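Worksheet: one structure, shown below.
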Amino acid sequence: MRKLYIPISVLYLLLYTAVKGQEPGPVEPIKRDSVQQIKEEITYPKLQIKGLFQARYLVSTTKDVDVNGLHHSDGSGTDNNFMVKYMRVQMRAQISKRTEVAVLANLADFKSDPKTKVLENAYLKYTFSPKLAITVGQFRPWFGIEETYPIDIIKSLDWSNQYLEFGKLGWASFQIGMAATGEVSLGDMPFSYSFSVVNGNGKNQIVDNDNGKQYSTRLVFGLSKKYGVNLGLNGGVGEVMKKQVHALGVDLSGNVDFGKRWNLDMQLEAKQAINHNLYYALDESSRTSKLSDYLVRGIYFLPNLRYEVNYYNLSAFELSCRYEYIDPNYKLNANARQTFTPMFGLEFLKNYGARIQLGLQLDRYKKQTQNTNEYNKNLFIVQVQSRF
């Protein structure tokens, strides 16, 4: 019977939305001798269309390593490349006072097999109040700082390795399921939460690959309004191929203003989870009997210094350097990857309307393996983007 709780809950919410979410029809005003009061009607749906273009030029400065980080002992491979990373189109439709439908597609994913790509967001959100909103469909469950903002305002060149790894495990990135989110106040302290249940096998899947689901939660405590200090606690449990999995995380963020033009933004995040993808990728003869022996652990620190220029179209410049540490199997076969990503960026217009970034991605492994991605490398990146 427990397996029926989720679909029954979804059906109830959709029915409630259909009944309560509709705007009332026009009401004939009562005729009076005085001047009639005319009530303005809001017309639905309200449509909003946005987009993002992001392209980059890559140069691998490490001998025999291509732009994707793969080592070639025979000297083959491409060491420089132009690419379009994102060509996103987003549409939001406010179909009633409380109901919103959102679609997000990355057309740049057509450059390879689009079977499980292209469509990113596809969900319906019903907001009861600021304290509670229900989201159903394909979305990003909150399990850290990076899930709470889009790629176009990230303070580095790309998502962290930790975010990408936990996305593969079903805890982050785009997943199919439902979530409850909201904001309240604990006395004078702001507090926000998210509870999610997802299939856990990624986006654009025809069906869940097993009967298990992954349940996660994120709690954010606003410790200091003056310095924007937020403490995030993340936890998740679930079942994959009839075996129990879990994940934990903690993050801290804040920003400090130095006068009217200077600002320092900082993010610190650490996570650990069972690496069930690695476990099931191994032959039974070459793996242990315990899924809990396969653990991934990661941490990153991202400081970003910003100076407001506001000179003609040039709004600001930014300087950041993210440090990352991640080990996908630290308990049994540790091979930590450390990544340094210094970045210099110029922001044109407002709110990252246009942006140029220059940076490096420096990867160092504890143990190197030829003809694999586990090989030390340096990658130079020039990236341009425009939001519209």
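A short reminder: the numbers here are calculations on the coordinates, not readings from a lab. If you're wondering where the values come from, they're calculated on a predicted model, not measured in any experiment. When we count neighbours, we look across all protein chains shown, and the Cβ atoms used for this are built from the backbone with ideal geometry, even at glycine.
Restriction of the GluC sites (Glu not before Pro) in segment 225-299 to DSSP coil positions whose beta-carbon has at most 10 other beta-carbons within 10 angstrom yields no sites.
For the chain, what does the relative contact order come out to in percent, with C-alpha contacts under 8 Å and a separation of six or more?
Details: 933 pairs, mean separation 50.5, N = 388.
Reported as a whole number, the value is 13 percent.
In this simple spin-label approximation, L314 and D293 carry label points 7 Å from Cα along the Cα→Cβ vector, and these lie 5.8 nm apart. Figure legend: label point modelled 7 angstrom from the Cα of A336 along Cα→Cβ; residues of segment 363-388 with amide N under 13 Å from it are 364-367. Distance between the modelled labels on D208 and L47, one decimal in nanometres: 3.5 nm (7 Å Cα→Cβ projection).
Positive contributions from Lys and Arg (+1) and negative ones from Asp and Glu (-1), summed over other residues with Cβ under 15 Å from the Cβ of K111, come out at +3.
Taking θ as phi - 60° and the Karplus parameters 6.51, -1.76 and 1.60, the scalar couplings of segment 190-199 work out to x, 9, 10, 9, 8, 10, 10, 9, 9, 5 Hz in sequence order, x denoting glycine and proline.
So what's segment 236-388 giving for Rg/Rh, alpha carbon basis, Kirkwood Rh from the mean inverse pair distance? The partial results should precede the final answer.
On the way: Rg = 20.1 Å, Rh = 18.4 Å.
Rounded to two decimals, Rg over Rh is 1.09.
Checking the cross-link pairs K111/K366; K117/K168; K111/K213 against a 22 Å limit on the alpha carbon distance flags K111/K366; K111/K213 as lying beyond it.
Our compactness index for segment 120-387, the C-alpha radius of gyration over the empirical 2.2 N^0.38 Å, is 1.08.
The modelled label-to-label distance between L186 and S112, using points 7 Å beyond Cα along the C-beta direction, is 4.1 nm.
Of the GluC sites (Glu not before Pro) in segment 309-358, not one is in a loop by DSSP (not H, G, I, E or B) with at most 10 other beta carbons within 10 Å. A straight Cα-to-Cα reach below 20 Å connects K350 with the lysines K50, K155, K260, residues fewer than 8 places away in its own chain not being considered.
A P(r) calculated from all alpha carbon pairs of segment 297-337, with 10 Å bins opening at zero, reads 25, 28, 20, 16, 9, 2 percent.
Highest-first packing order for the peptide set 192-199, 96-103 is 192-199, 96-103, based on the mean count of other beta carbon atoms within 10 Å.
For segment 274-323, the alpha-carbon coordinates run over 64, 18, 12 Å along the three principal axes, in decreasing order.
Taking a quarter of the surface of the Cα convex hull of segment 154-236, what do you get in nm²?
On the way: hull surface 27.3 nm².
Over every viewing direction, the Cα hull of segment 154-236 projects on average to 6.8 nm².
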